[in-house]
1. Which whole-percent values make up P(r) of the chain when all C-alpha to C-alpha distances are grouped in 10 Å steps starting at zero?
2. Treating each Cα of region 93-153 as an identical point scatterer and ignoring solvent, apply the Debye formula and state log10 I(q)/I(0) at q = 0.15, 0.16, 0.18 Å⁻¹.
3. Below 29 Å, Cα to Cα, which lysines can LYS12 reach? Residues fewer than 8 away in the same chain don't count.
4. Arrange the peptides 112-120, 77-85, 147-155, 25-33 so that the one whose residues have, on average, the most other Cβ atoms within 10 Å appears first.
5. Can you tell me which of THR46, THR128, THR163 moves the most in a GNM of the chain? Springs connect C-alpha atoms under 10 Å apart.
6. Measure nothing fancy, just the Cα-based angle from helix 147-157's long axis to the longest principal axis of the chain, in degrees from 0 to 90, nearest 10.
7. Grab the eigenvalues of the alpha-carbon gyration tensor for region 90-209, scale each by 5, take roots, and send me the semi-axes largest first in whole angstrom.
8. Could you please report the charge total around LEU169, scoring K, R as +1 and D, E as -1 over all other residues with beta-carbon less than 9 angstrom from its beta-carbon?
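The values are calculated or read from the model by the stated rules, or taken from the named source; none is laboratory data. In this text the structure is predicted, and so the values were computed from the model without any measurement. As a convention, Cβ positions derive from the backbone with ideal geometry for all residues, glycine included, and neighbour counts pool all protein chains shown. Heads up: the accessible areas ignore ligands, DNA and RNA and are worked out on the full protein's heavy atoms, side chains in. Shrake-Rupley method; radii C 1.70, N 1.55, O 1.52, S 1.80 Å.
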Amino acid sequence: TLLAEAGPGTGKTLAYLIPALLFVQANGQPVVVSTSTHSLQEQLLTKDVPDALRALDLEGRIRVASLKGRGNYLCLRRLERALSRPELPAGEALFLSRLLVWLETTSSGDGGELNLLPPEEPLWNALTAQNDGEGEVCPYMKEGTCFLARARREAQAADLVVTNHALLLADAAHGSSILSHCHHLILDEAHHLDREATEQFGQRVSVLL
């Protein structure tokens, strides 16, 4: 176990990514990298990890996957139900039209690709896989097109999984069912971990007067 601290702009990301990728190559064991924010998670996936793979000449030889919480992925069944409603407010109809266009290009179903406007966020939240308890009978899951299920399958098959503290600790709180095969973990921005752990493992008690 190593705890390291360094100031901004000193190359911390590459300092852990390069040894992690070399470890994966040498040992064939997956590594999880967890960040505190989605923005840093995206930076790793779109810039830092590709840069490290190119520097080590490992492009195409290391499988990399992104994994976020349920509320980040579009639920195709909920979208289908929304589209089947006979009458829709103009704003919702416009948003659904935008989603249909996006579905032609997205491979992840991750709402982070959409750059949602504030009025669109509640519409998006109603269409995500968050708290969806019917996964076992979902036809999209059965046919392999469910975005959430696909992201989890890719994470379980990857050599390097980039996730965030919220998903990491939510998975731990539910018995580590998704990332249990990974025994090597890097926590970027680990100083935020205690706050998220309190959120995932804590309980709130209120008094009604």
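1. 7, 30, 32, 21, 8, 1, 0
2. -0.50, -0.57, -0.72
3. LYS47, LYS68
4. Ranking, from highest mean packing down: 147-155, 25-33, 77-85, 112-120.
5. Comparing THR46, THR128, THR163 in the GNM, the peak value goes to THR46.
6. Compared with the principal axis, the helix lies near 20 degrees.
7. With the √(5λ) rule applied to region 90-209, the semi-axes are 28, 22, 16 Å.
8. Charge balance in the 9 Å sphere: -3.
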